[in-house]
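Single-structure report; data block below.
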Amino acid sequence: MFLPKSYKEIKLVHGGRIDQIKNFDQQKWMNICERLELFVVPAKGKGSHCAVYKSKDCPSENSECCVLTIVRNIYPNIQRDLAKKLVFYGIQSGKYTEDDFWIAAGFK
C-alpha cells in the first residue's frame, strides 16, 4: 500500500468531485472536519481562520497536532488542497479513508 509523505502526493480517486465543492464556505469545511471526528476551533473576528486539530486532547501549541487551517474567505482553487490535506491525514492516521471524506462532504 502506498503511503504518501505529503498531501501533495495524494491522488484523489474521486478528484472530479472537486468542482462540486469549489464553493464550500468555512462553515461547510468545519462541518466536514467535525464529521471526520476532528477537533475544530472556530474562527474569531473578521477575516479569521479556524484551526482543525487531531483531537481535543492535542495541545494547540503543538504544531504537529494541527491538521489544517481554514480561512474565512475560501477561494475555489484552495478547495483541492483542503480535501487532499484531510484525506492525507486520514490515510496517515488510519482514522478514515477518501471515501469517508466524501461521505462527510455530503456525497454517497
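The values are calculated or read from the model by the stated rules, or taken from the named source; none is laboratory data. Nothing here was measured: the structure is a model prediction, and the numbers come from that model. Counting neighbours? That spans all protein chains shown, and the Cβs are built from the backbone with ideal geometry, glycine included. Accessible surface is based on the protein model in full, side chains and every heavy atom, while ligands, DNA and RNA are left aside. Shrake-Rupley method; radii C 1.70, N 1.55, O 1.52, S 1.80 Å.
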Subject >> Nitroxide proxy distance, nm - points 7 Å out along Cα→Cβ at Ile18 and Asn62 >> reply: 3.2
Subject >> Angstrom value of the Kirkwood radius, inverse mean 1/r, which spans all Cα pairs in the chain >> reply: 14.1
Subject >> Whole-number D in µm² s⁻¹ for segment 38-83, Kirkwood Cα-pair radius fed into Stokes-Einstein, 10 °C, 1.306 mPa s >> reply: 141
Original post:
Are any of the pairs Lys8/Lys84; Lys56/Lys84; Lys5/Lys28 more than 19 Å apart by Cα-Cα distance, and if so, which?
Top reply: Lys56/Lys84; Lys5/Lys28
**OP:** Using per-residue counts of other Cβ atoms within 10 Å, averaged over each peptide, order 3-9, 27-33 from highest down.
**Re:** 27-33, 3-9
Original post:
Which value, in Å² rounded to 10, gives the accessible area of Phe107 with a 1.4 Å probe and all protein chains present?
Top reply: 40
Original post:
Hey, got the dipole for the chain? About the Cα centre, +1 on K and R Cβ, -1 on D and E Cβ, debye to the nearest 20?
Top reply: 280
Original post:
Which distance in Å, rounded to a whole number, links the C-alpha centroids of segment 82-108 and segment 1-29?
Top reply: 8
Original post:
Could the peptides 69-77, 53-61, 35-43 be put in order, highest first, of the mean number of other beta-carbon atoms found within 10 Å of their residues?
Top reply: 35-43, 69-77, 53-61
Original post:
Where a Cα-Cα gap under 13 Å defines reach, which aspartates and glutamates qualify for Lys22, not counting those fewer than 8 residues away within the same chain?
Top reply: Asp81
